[in-house]
Amino acid sequence: MKIISLPTADNSVFSRDLAAFLKKGKVVMLPTDTVYGFSCRADNAAAIAKIFSLKSREAKKPLLVLVSSLSMVKKFCFINKIQYEKLKKIWSQVRPTSVLLPHRGLLPKSLTAGSPYLAVRLPKSVFLRKIVRASASPLVSTSANLSGQKILAPEEAAKIFSGRKDLDLIVTGGSNKRAVSRLLLLEKNGNLKILRK
């Protein structure tokens, strides 16, 4: 298991290399636009299982995914014109926001824990969007901590999980916050229900 630093200059090449690494079913710990997190491709059931193991997370608890664009959302979720326009407004706001949408059943069931909804976020981080775009698949993103435990600073998370065989790479650097994203349910008529402030 390697520990590498996020490039401070242009990270386009690094993003492509990381996407290629994830394509092999690997799990990485990396900076996000919210908390330090675990990621893998959202279309790889074996990699998703590694993340559940890393976090000691119950199978009944779904995971959220990151997308690179609204077009990618439409590929994996059912959204109408009203919801599409609402998503544009939600994701133009400063606060990172995850949205529950009815999914098309194209991703492993373990990801959604049998729910008809998928939690989706368009990240603020250009670096994250580049990785997702290069992967041509949504990425799982979940806090790098044990399920139900406190959110960890990057240094704490790296120290606790660095010896785990089911974690393949740790990327350090970036400016991580210690607050999770807001979570909303977006209904067909455009109404929003706040599930997590």
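Name the single residue that is modelled with the highest pLDDT among those in region 21-33 being under 14 Å from S125 (Cα atoms) and surrounded by 24 or more Cβ atoms within 10 Å (Cβ to Cβ). The extreme case among them is L30.
Of the residues making up region 150-197, those that are of a type in the set (S, T, N, Q), more than 25 Å from K88 (Cβ to Cβ) and surrounded by 11 or more Cβ atoms within 10 Å (Cβ to Cβ) are S162, T172, N176. If the condition is being of a type in the set (A, V, I, L, M) and either in a helix (DSSP H, G or I) or farther than 20 Å from V180 by Cα (or both), then region 31-57 contributes A45, A46, A47, I48, A49, I51, L54.
Which one is surrounded by the fewest Cβ atoms within 10 Å (Cβ to Cβ), of the residues in region 51-86 that are among the basic types (K, R) and within 26 Å of L146 (Cβ to Cβ)?
So, considering only residues that are among the basic types (K, R) and within 26 Å of L146 (Cβ to Cβ), the one surrounded by the fewest Cβ atoms within 10 Å (Cβ to Cβ) is K60.
A Cβ distance below 6 Å, combined with a sequence gap of six or more or placement on separate chains, defines the contacts here; from region 87-109, residues that are surrounded by fewer than 16 Cβ atoms within 10 Å (Cβ to Cβ) reach no residue that is basic (K, R) and in a loop (DSSP other than H, G, I, E, B). Within region 1-14, no residue that is under 25 Å from F161 (Cα atoms) sits with its Cβ atom under 8 Å from a residue that is in a strand (DSSP E or B) and at pLDDT below 75 at 6+ positions apart or across chains.
When S110 is tested against the conditions (1) outside any strand (DSSP E or B); (2) within 22 Å of K197 (Cα to Cα); (3) in contact with a helix residue (DSSP H, G or I) (Cβ under 7 Å, 6 or more places away or on another chain), the lone failure is (2). For region 1-30, a residue qualifies if it is part of a helix (DSSP H, G or I), within 20 Å of the chain's Cα centre (by Cα) and not small (G, A, S), and the qualifying residues are F14, R16, D17, L18, F21, L22, K23. If you go through region 113-143 and keep only what is in contact (Cβ under 8 Å) with a residue 12 or more places away in the chain and assigned to a helix (DSSP H, G or I), you end up with F127, L128, R129, K130, I131, V132, R133, A134, S135. Looking at region 110-144, which of the residues that are over 23 Å from R16 (Cβ atoms) and over 14 Å from the mean Cα position of the chain (by Cα) is surrounded by the fewest Cβ atoms within 10 Å (Cβ to Cβ)? Among those residues, the one meeting the criterion is G114. P62 satisfies every condition listed in (1) in a loop (DSSP other than H, G, I, E, B); (2) under 14 Å from the mean Cα position of the chain (by Cα); (3) in contact (Cβ under 8 Å) with a residue 60 or more places away in the chain except (3). Any residue at all in region 37-50 that's surrounded by 15 or more Cβ atoms within 10 Å (Cβ to Cβ), within 19 Å of S110 (Cβ to Cβ) and at pLDDT below 95? Within region 37-50, one or more residues are surrounded by 15 or more Cβ atoms within 10 Å (Cβ to Cβ), within 19 Å of S110 (Cβ to Cβ) and at pLDDT below 95.
If you check K150, K159 for being outside any helix (DSSP H, G or I) and under 25 Å from E58 (Cβ atoms), only one passes: K150.
The values are calculated or read from the model by the stated rules, or taken from the named source; none is laboratory data. From a predicted model like this one, the values you see are computed outputs, not experimental measurements. Note: ideal-geometry Cβ built from the backbone for every residue, glycine included; neighbour counts use all protein chains shown.
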